[in-house]
Every structure is written in C-alpha cells, then in structure tokens.
Amino acid sequence: MLPVVALVGRPNVGKSTLFNRLTRSRDALVADFPGLTRDRHYGEGRVGEKPFIVVDTGGFEPIKTEGIVKEMTNQAQLAVEESDIIFFLVDGRSGLIPQDQRIAQSLRESGKPTYLVVNKAEGMSEVVKSEFYELALGEPYPISAAHGEGVRALVDMALEKY
Ligand code: GDP
Ligand code: MG
C-alpha cells in the first residue's frame, strides 16, 4: 500500500494548488472561490523519489448540523481517517484565524502525523512562521505551492519513514 497524504485546511489556503503541484496535474479546481473542490479528489504523487497518493479535501467549509457549526465535514473527516500523513495548510498571508484553530484541534485529536504547512510564503521571511506555533502542531513549514518553493523538502521529510 502506498502512503496516503491528505491535504486539509480551510477554503482558499491553496490545497488544490498544492495538489496540482504534487501530482503535476491540472485537474484539481483552483480558484478564488472558497471551497470549490467539494469532494475528495485523489492523485498520484510525483514529487520526490517515493510514490504516494495525495488527497485533496474541499470539505472544510463550516456546515451547520443540528445547531452546531461543524468545521470538518464527513468527507474531510473520512479523508483524514484513511490517510497516513496530513498536510495541514494555513495561509501565511492572511495569518492565523479561529477556523484554523478549530481544524488544528480536530487534527490533534485524530492522532495522525500532521505537518503544519504555511503556504503562500514566497518572498516572505521566516518570521511568517512564528504565529503558527500556537497551533501546537510542531514546527511550521513555509512553502509556496504556486511557485513550488519548499514543496520537495516537505515531501522528502514527510515520506522519510516510508
Ligand atoms: P483551496 O481552496 O485550499 O483549494 O485553495 P486554491 O488552491 O483554490 O487556492 C486559492 C487561491 O490561493 C488561488 O487564488 C491560488 O492561486 C492562491 N494560491 C495558492 N497557492 C499560493 C501560493 O503559494 N502563493 C500565493 N501567493 N497564492 C497562492
Ligand atoms: Mg480546492
């Protein structure tokens, strides 16, 4: 079985852009419209030396169920459960928001190996990382999915054990 990497995070952080970068495909929907990728979406990882499967999740829009706002839909929850590794994306340009905190909480509870990925970090100093330590998910990894910066290093590190 190939390791499965799930891309999770709130809408518009760059999950689909990273999916396309990792799979070297163009078939994930990338747009300025938050949450356009509605369903789970699988592809073959083609970055680095080891094969892997990557899952784009679009299901982290807040949804209202029985009066409570649920941050993680069943689709996204399932993607997390069936994955070996989580790339949790946050946005280095908009910074940390409460929705990130709530998703981080779910991911900590999942117990899955989670890498905290600070996307859109092109041209930014390392300082961009600092506010994300608060998520208690360890060291933040700045990348630029759009420009490809830091992506190979992230994959190599995450797949080191495989
Ligand atoms: P998703 O909703 O998480 O799947 O996010 P998308 O991949 O659709 O990207 C949302 C927006 O962020 C789009 O306008 C992307 O072009 C932009 N974006 C994605 N990655 C980067 C990046 O590394 N740098 C910058 N500046 N913008 C990015
Ligand atoms: Mg998307």
Most to least packed among 88-96, 123-131 [average Cβ atoms within 10 Å]: 88-96, 123-131
Burial order of peptide ranges 144-154, 76-86 (average beta-carbon count within 10 Å, highest first): 76-86, 144-154
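FYI, it's all coordinate maths here, none of it is from the lab. These numbers come from a predicted model, not from an experiment. Using ideal geometry, Cβ is built from the backbone for each residue, glycine included, and neighbour counts are taken over all protein chains shown.
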